[in-house]
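Trainee: Structure in structure tokens, see below.
Just so it is clear, none of the values below were taken in a lab; they were calculated from the coordinates. Quick caveat: nothing in here was measured; it's all calculated off a predicted structure. Backbone-built Cβ (ideal geometry, glycine too); neighbour counts: all protein chains shown.
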Amino acid sequence: MENDADNPTIQPEPDEDIFTFEYAKKSDSGGREYNEDCCDMSADKKNRRYCYVIADGLGGHQGGKIASKLAVDHIINNFSRITNENLKSELNAILQETNDLIVDKGAESYHLQDMKTTCVVLIILDCFAYWAHVGDSRLYVIRNEKIIRRTEDHSVVQALIKMGDIKPEEANNHPQRSQLLKVLGTKYELTPTIFSESLKLRRGDGLLLCTDGFWEHLQDSLISKCKAAQKSETILDFYFEKAIEIGKAKNAKYDNLTAQMIMVR
């Protein structure tokens, strides 16, 4: 009997659910003296487990830089605790711990007492994506040059949009644009938004995590131009060129901007 190993012309069919993830990250201080954003990732390729985190720190005296790094490091270091079975409860627990760490660190110094951070966490297990967020840093899922998912900001402006008091196109220039309803580092009850139902990924999907200093300068129509054939680094370079150009034109002291791009291959 002939087997596949004896016939080099016969190749095994690729498993449609086994992907690789092409990753790139980029950060710029913008028009600010300090960059208080932070991002990182962790990959367990053998078990097809991935974690991506981005955070935008808030607070004077570089307190925001400390808060964002605390958040990213704690989540990355505890990613191994998360499984399919406990994803929502464990992700919530890790975010609660992160919140308490920032509060405790802030209590150590008068200069750090106001430090806080936004946060987005993307978890990929096998071929499924899950995520959580606090604040106005965002996750976009782009498929076939369309944004099919986007996190909803925890902000005053987003609340006004939902109530119909303002239109989405008025958000970026609204006087309350920077006011957040949820952050990590608060003494009040933390209720992160967690998407635990899972999204099955497809080859060519793009997943973008970014801070508000990045997305505030880019229309959804431009972000959606992510093409499946492009490399993650090429896509980020394109986004940043546009965002920095617009940021400089609007305000010489435009915000830090940071993003992570994951392309599903």
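Trainee: Taking a virtual spin label 7 Å from the Cα of residue 251 along the C-beta vector, which residues in segment 162-188 bring their backbone nitrogen under 16 Å of it?
Mentor: 170-180, by backbone N distance to the label point.
Trainee: Taking the number of other C-beta atoms within 10 Å as the exposure measure, put 211, 186 in order starting with the fewest. Could you put the intermediate results ahead of the total?
Mentor: Values: 211 29, 186 14.
So the ranking, lowest neighbour count to highest, is 186, 211.
Trainee: Which of 37, 205, 73 has the fewest other C-beta atoms within 10 Å, and how do the rest follow up to the most? Please list the in-between numbers first.
Mentor: On the way: 37 32, 205 22, 73 16.
Final ranking by Cβ density, sparse to dense: 73, 205, 37.
Trainee: Sticking with this one: Considering amide H positions built from the backbone, and no H for Pro or chain starts, which residues 5 or more places from residue 149, or on another chain, come under 5 Å of its amide H?
Mentor: The answer is 141.
Trainee: Also, quick follow-up: So for 83, 98, fewest C-beta neighbours within 10 Å to most, what's the order? The partial results should precede the final answer.
Mentor: Working: 83 10, 98 28.
Neighbour counts put them in this order, fewest first: 83, 98.
Trainee: I need the per residue convex hull volume for the chain, using only the alpha carbons, in cubic angstrom as a whole number. Could the numbers behind the result be given before it?
Mentor: On the way: hull volume 38.4 nm³, N = 265.
With only Cα atoms used, the chain gives 145 Å³ per residue.
Trainee: While we're here: With θ set to phi - 60° and the Karplus curve 6.51 cos²θ - 1.76 cosθ + 1.60, what are the ³J(HN,Hα) couplings of segment 142-151 in order, to the nearest whole Hz, using x for Gly and Pro?
Mentor: Using θ = phi - 60°, the values come out as 10, 9, 6, 6, 9, 7, 9, 8, 7, 5 Hz.
Trainee: Spelling out what I want: for every residue of segment 30-37, take phi, set θ = phi - 60°, compute 6.51 cos²θ - 1.76 cosθ + 1.60 (Karplus), and round to whole Hz; glycine and proline get x.
Mentor: These are the phi-based 3J(HN,Hα) values: x, x, 9, 6, 10, 9, 9, 7 Hz.
Trainee: Further, regarding this structure: Among the listed pairs 65/253; 88/200; 167/200; 45/105, which are separated by more than 23 Å between their Cα atoms? Display every interim value, and only then the final one.
Mentor: Details: 65/253 17 Å; 88/200 17 Å; 167/200 32 Å; 45/105 33 Å.
Those over the limit are 167/200; 45/105.
Trainee: Could you give each residue of segment 130-138 its phi-based ³J(HN,Hα) in whole Hz, using Karplus coefficients 6.51, -1.76, 1.60 with θ = phi - 60°, and x for Gly or Pro?
Mentor: Those phi angles translate into 9, 7, 8, 8, 9, x, 10, 6, 10 Hz.
Trainee: Moving on. Note the full-extension length gain between residue 159 and residue 179 as 0.36 nm times their separation in residues minus their Cα-Cα distance, in nm to one decimal. Intermediate values should be presented prior to the final figure.
Mentor: Numbers: separation 20, 0.36 × 20 = 7.20 nm, distance 1.08 nm.
So the extension gain works out to 6.1 nm.
Trainee: On to the next question. Set Lys and Arg Cβ to +1 and Asp and Glu Cβ to -1, take the dipole of the chain about its Cα centre, and tell me which of 207, 249, 92 lies farthest positive.
Mentor: My answer, from the dipole projection, is 249.
Trainee: Would you list the membrane-span-like helices of the chain, meaning whole DSSP H runs whose alpha-carbon atoms span at least 15 Å along their axis and whose mean Kyte-Doolittle value is at least -1.0?
Mentor: Numbers: long enough: 63-77 (21 Å, 0.37); 87-106 (28 Å, -0.20); 232-250 (27 Å, -0.13).
Helix filter hits for the chain: 63-77, 87-106, 232-250.
Trainee: Now a separate question. Using only DSSP helix segments of four residues or longer, with each worth -39500 (n - 2.57), what per-residue ellipticity at 222 nm results for the chain after dividing by its residue count and rounding to 500? Walk me through the numbers before you get to the answer.
Mentor: Values: 6 runs with 70 residues, N = 265.
Here the helix-only value at 222 nm equals -8000 deg cm²/dmol.
Trainee: Let me ask you something else. Dipole of the chain, Cα-centred, from +1 at each Lys and Arg C-beta and -1 at each Asp and Glu C-beta, to the nearest 20 debye?
Mentor: Working: 34 positive and 42 negative charges, 113 e Å.
Result for the chain is approximately 540 debye, rounded to the nearest 20.
Trainee: If you don't mind, another one. Fully extended, how many nm does the chain gain between residue 22 and residue 100 (0.36 nm per residue separation, minus their Cα-Cα distance)? Walk me through the intermediate numbers first.
Mentor: Working: separation 78, 0.36 × 78 = 28.08 nm, distance 3.31 nm.
Full-extension gain reported as 24.8 nm.
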